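For reference, the structure discussed in these notes is given below.
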Amino acid sequence: MDYKDGKPADTRLSRRQFSTAFSAAVASAACATGGAAATLADGPSDVALPWASADQYSRCVARAIGYLESQGQAPDGSFAAQAGVGVTALATAAILRQGRSIRDPLVAKALKYLETFVQPDGGVYSPGGMLANYETCLAIMCLTEANADRRYHRILQRAEAYVRTHQWDESQRKEPDDVAYGGAGYGKHKRPDLSNTTFLIDALKACGRGPNDPDTCGPDDPAIQKALVFVSRCQNLESAHNTTPFAAKINNGGFYYTCAAGGRSPAGLTANGGLRSYASMTYSGLKSMLHAGLGPDDPRVKAAVAWIRNHYDLKSNPGLGDAGLYYYYHTFAKTLHVLGGAVFEDAVGVKHDWRCELAAELSASQRENGSWVNANNRWMEGDPNLATAYSLLAISYCRPQTPS
């Protein structure tokens, strides 16, 4: 079934049309140093940065990878194995994103470790755990980074098929009017939430291997369109796409964790029972809508961008303070990269070269041993392996241009 969410045809744009329209709508100025606007490419683009030279960027990255190599990685190739497969997948993807080869001993050991978790059902997860969908989505995003020679092609095909079975849709006896419809959770029968639904969309998108590949998972993919239904219901915006009891209680365009199972937001409740918006989920929700093909004139996108303009910040995860800060940094970078434009203008008219600002913030908070760590251990960010993986992924979107 090719589920279209009932939205007008003119809100859904091709990738090229979307990139052009959003760059014009959001990028109000060029980077002061001549940095080029980002594109909708899956990976980061090189940009000119005034905050640091290419050598300074390289030293920052080298120190972080040096930490992971000397102190983070266990003899079996894992990172934070006590937490399952996820941290190893994130850290390995981050190292690969920074240019290390799959033949590099650090990477090769980590990939070999991940391969031991490939299951007969196609998933890549810790047996007996409760995070099978989450871990498989992260493994997909890692293994696609290592798949230039298609060595993981068959594993990725099976993993893609596996995560599709974890979406709450007709296969789970859910219909479009159910608030859980289209979402994904940590495991097959776990309540769906926006974070895991975003990971599902990212994993499906990562499975696309090029514009001419028939296997590409684009905005028209039925699973992505179903996910859009759930994503729209996690936004504080009353519309034809969101008739949940929470939609009108705050109505500020931001996003929260889940509309399912009675709804939940770690940012808490308003006096009238509304679920407070917070930044990491708002960036996640916006990115998911962009990946699902919504254009800049769609009211959902406009409202999400307006929320971000009102809450632009790199000192905190707005709505949650320092909780989940490094997850936020990665989501912030990836979303603004997809959004396009070298400059983001906030609600009071300040124009932010967001790459410069993010890179400077991460550079300043890097510890002497090369790692990052959050003093707030919520969502395991007190583990330097996880915080460093998120930081390396985030800063990859801030890579300086190399001299021609």
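The values are calculated or read from the model by the stated rules, or taken from the named source; none is laboratory data. This is a predicted model, so every value here is computed, not measured. Using ideal geometry, Cβ is built from the backbone for each residue, glycine included, and neighbour counts are taken over all protein chains shown.
Quick notes on this one:
- Residue match in the range 337-347 (condition: over 20 Å from Phe79 (Cβ atoms), in contact with a Cys (Cβ under 6 Å, 6 or more places away or on another chain) and either part of a loop (DSSP other than H, G, I, E, B) or not aliphatic (A, V, I, L, M) (or both)): yes
- Some residue of the range 192-201 being in a loop (DSSP other than H, G, I, E, B) and over 17 Å from Gly86 (Cα atoms): yes
- Residues being surrounded by 19 or more Cβ atoms within 10 Å (Cβ to Cβ) and not in a loop (DSSP other than H, G, I, E, B) - total across the range 309-336: 13
- Qualifying helices (runs of 4 or more DSSP H) (wholly inside the range 217-308; at least 1 residues being in contact (Cβ under 8 Å) with a residue 24 or more places away in the chain and touching a His at 6+ places or on another chain (Cβ under 8 Å)): 222-233, 279-291
- Restricting Asp221, Asp193, Asp213 to those that are of a type in the set (Asp, Glu), modelled with pLDDT under 95 and surrounded by 20 or more Cβ atoms within 10 Å (Cβ to Cβ) reduces the list to Asp221.
- Filter result for Glu160 (touching a residue at least 40 places away in the same chain (Cβ under 8 Å), assigned to a helix (DSSP H, G or I) and in contact with a Phe, Trp or Tyr (Cβ under 8 Å, 6 or more places away or on another chain)): no
- Being within 16 Å of Leu336 (Cα to Cα) and either over 19 Å from the mean Cα position of the chain (by Cα) or at pLDDT 95 or above (or both) holds for only one residue in Ile250, Ile308, and it is Ile308.
- Residues located in the range 376-399, provided they are hydroxyl-bearing (Ser, Thr, Tyr) and more than 21 Å from Asn196 (Cβ to Cβ): Thr388, Ser391, Ser396, Tyr397
- Count - residues of the range 288-306 that are within 19 Å of Glu357 (Cβ to Cβ) and either touching a strand residue (DSSP E or B) at 6+ places or on another chain (Cβ under 8 Å) or surrounded by 24 or more Cβ atoms within 10 Å (Cβ to Cβ) (or both): 0
- If you check Gly128, Gly72 for being free of Cβ contacts under 8 Å to residues at least 12 places away in the same chain and more than 22 Å from the chain's Cα centre (by Cα), only one passes: Gly128.
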